[in-house]
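The values are calculated or read from the model by the stated rules, or taken from the named source; none is laboratory data. Everything numeric here is computed off the predicted structure, so don't read it as measured data. Here the Cβ positions follow ideal geometry from the backbone for every residue, glycine too, while neighbour counts run over all protein chains shown.
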């Protein structure tokens, strides 16, 4: 039996006694009930966009990531586009609402936040986890207090019918889907009519041709981590909730004092490689927004959550270690993509001495998500560098301030 509490702890962030007590108890109970063994890797991530945005977003992803357009699943009110690298890494499910007037639970999660409300359907929805025995996993989770959409609700929401889907988290606003699938069998999503759309195929093929022309097609690797931002008071419970729903363990937390925040990392107990099942990262302020006028501390993380709601902030992709045309691969990738008109929030930061380099893109106009690139050198065995995280957080905060002003001007 896997011992989820046995992994070596990293970081310098001090957690509460509540967190440390329940972390040990929840993971031990998860192991003993068999849930850890039954819940596998992340099979897919789900994103929804506003009407008319999916084709351009797929073109953006085809250029900036290693993903390939596979197929479109059409239901009454949505198109769901499936993007895939291979059977060993998570799929992208890009869901487009056909009618922008349609209202529902996922749109409502946007509407109370000033920037989120400007893009009604643009949001990250959550992850689909592979499980060995769907009925047993759901039954066990329900006895632990987790709630799931009924099959009739899943049908009305037009989500794949072969999933069990949790209700949105009160802490992250994400959902978690479980899909029963032997690891040796392909992923299939039971949803609507299947077709390969010519308009999407043309955009996808053009982007992949450009990737090759730019000599970046074999340098960008699958997802390294998924980073969610939450309110400071929800940091510990959001981590514990995710660990209860998944087969992840608590890798550790680092205090990023320069930005008044902490970065908290969880990893999959079954897979040592993040590309097989990405790390899940949670970022939160150290203090709530309403004390900022007293403490005069930076607050980019809390400001993001107040503007968008708790949600995914960025998707990080690994870059192959090495050099291309005399430049480190991450420098080559970023310069080539920037030359196509895509903005980045700062220069590439980090060094070989630190063990890695990183950079944030600007937020996508289609999904509101940032793409991060990270190149780790040689045998670097850490996950990130604190100084890098502080710079990235600061840069993202500056962009969010601008977006906040633009949202206010639209409301005025």
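Taking the stretch 292-304 only, how many residues are surrounded by 13 or more Cβ atoms within 10 Å (Cβ to Cβ) and modelled with pLDDT of 90 or more? Spell out how you get there, then give the answer.
At the first step, the residues of the stretch 292-304 found to be surrounded by 13 or more Cβ atoms within 10 Å (Cβ to Cβ) are 292, 297-304.
Of the ones still in play, those that are also modelled with pLDDT of 90 or more are 301-304.
Residues meeting the conditions: 4.
Criterion first (in contact (Cβ under 8 Å) with a residue 12 or more places away in the chain and more than 30 Å from residue 285 (Cβ to Cβ)) does residue 235 satisfy it?
Working: in contact (Cβ under 8 Å) with a residue 12 or more places away in the chain: yes; more than 30 Å from residue 285 (Cβ to Cβ): no.
When the stated conditions are applied, residue 235 does not pass them.
What strands (runs of 3 or more DSSP E), lying completely within the stretch 94-195, carry at least 3 residues that are crowded, with 16+ Cβ neighbours inside 10 Å and in contact (Cβ under 8 Å) with a residue 40 or more places away in the chain?
123-131, 175-180
Can you spot a residue in the stretch 266-277 that is assigned to a loop (DSSP other than H, G, I, E, B), surrounded by fewer than 22 Cβ atoms within 10 Å (Cβ to Cβ), outside the structural domain of residue 92 (by TED's automatic domain parsing) and out of contact with any strand residue (DSSP E or B) (no Cβ under 8 Å at 6 or more places or on another chain)?
Checked against the condition, which is being assigned to a loop (DSSP other than H, G, I, E, B), surrounded by fewer than 22 Cβ atoms within 10 Å (Cβ to Cβ), outside the structural domain of residue 92 (by TED's automatic domain parsing) and out of contact with any strand residue (DSSP E or B) (no Cβ under 8 Å at 6 or more places or on another chain), the stretch 266-277 yields at least one hit.
Looking at residue 348 and the list (1) touching a strand residue (DSSP E or B) at 6+ places or on another chain (Cβ under 7 Å); (2) touching a residue at least 40 places away in the same chain (Cβ under 8 Å), which single condition is not satisfied?
All conditions are met except number (2).
Can you spot a residue in the stretch 46-54 that is farther than 24 Å from residue 120 by Cα, touching a strand residue (DSSP E or B) at 6+ places or on another chain (Cβ under 6 Å), assigned by TED's automatic domain parsing to the domain that holds residue 179 and modelled with pLDDT of 95 or more? Quick ask: steps written out before the conclusion?
Taking the stretch 46-54 as the starting set, the residues that turn out to be farther than 24 Å from residue 120 by Cα are none.
No, the stretch 46-54 contains no residue that is farther than 24 Å from residue 120 by Cα, touching a strand residue (DSSP E or B) at 6+ places or on another chain (Cβ under 6 Å), assigned by TED's automatic domain parsing to the domain that holds residue 179 and modelled with pLDDT of 95 or more.
Out of the stretch 224-253, which residues are on the phi < 0 side of the Ramachandran plot, surrounded by fewer than 20 Cβ atoms within 10 Å (Cβ to Cβ) and assigned to a strand (DSSP E or B)?
Result: 251, single match.
Against the definition (assigned by TED's automatic domain parsing to the domain that holds residue 275 and farther than 23 Å from residue 27 by Cβ), how does residue 220 come out, yes or no?
yes
If you go through the stretch 111-145, how many residues are out of contact with any strand residue (DSSP E or B) (no Cβ under 6 Å at 6 or more places or on another chain) and over 23 Å from residue 277 (Cα atoms)?
Of the residues in the stretch 111-145, 15 are out of contact with any strand residue (DSSP E or B) (no Cβ under 6 Å at 6 or more places or on another chain) and over 23 Å from residue 277 (Cα atoms).
Quick one: would you say residue 349 is surrounded by fewer than 22 Cβ atoms within 10 Å (Cβ to Cβ) and in contact with a helix residue (DSSP H, G or I) (Cβ under 8 Å, 6 or more places away or on another chain)?
On the way: surrounded by fewer than 22 Cβ atoms within 10 Å (Cβ to Cβ): yes; in contact with a helix residue (DSSP H, G or I) (Cβ under 8 Å, 6 or more places away or on another chain): yes.
Yes: the conditions hold for residue 349.
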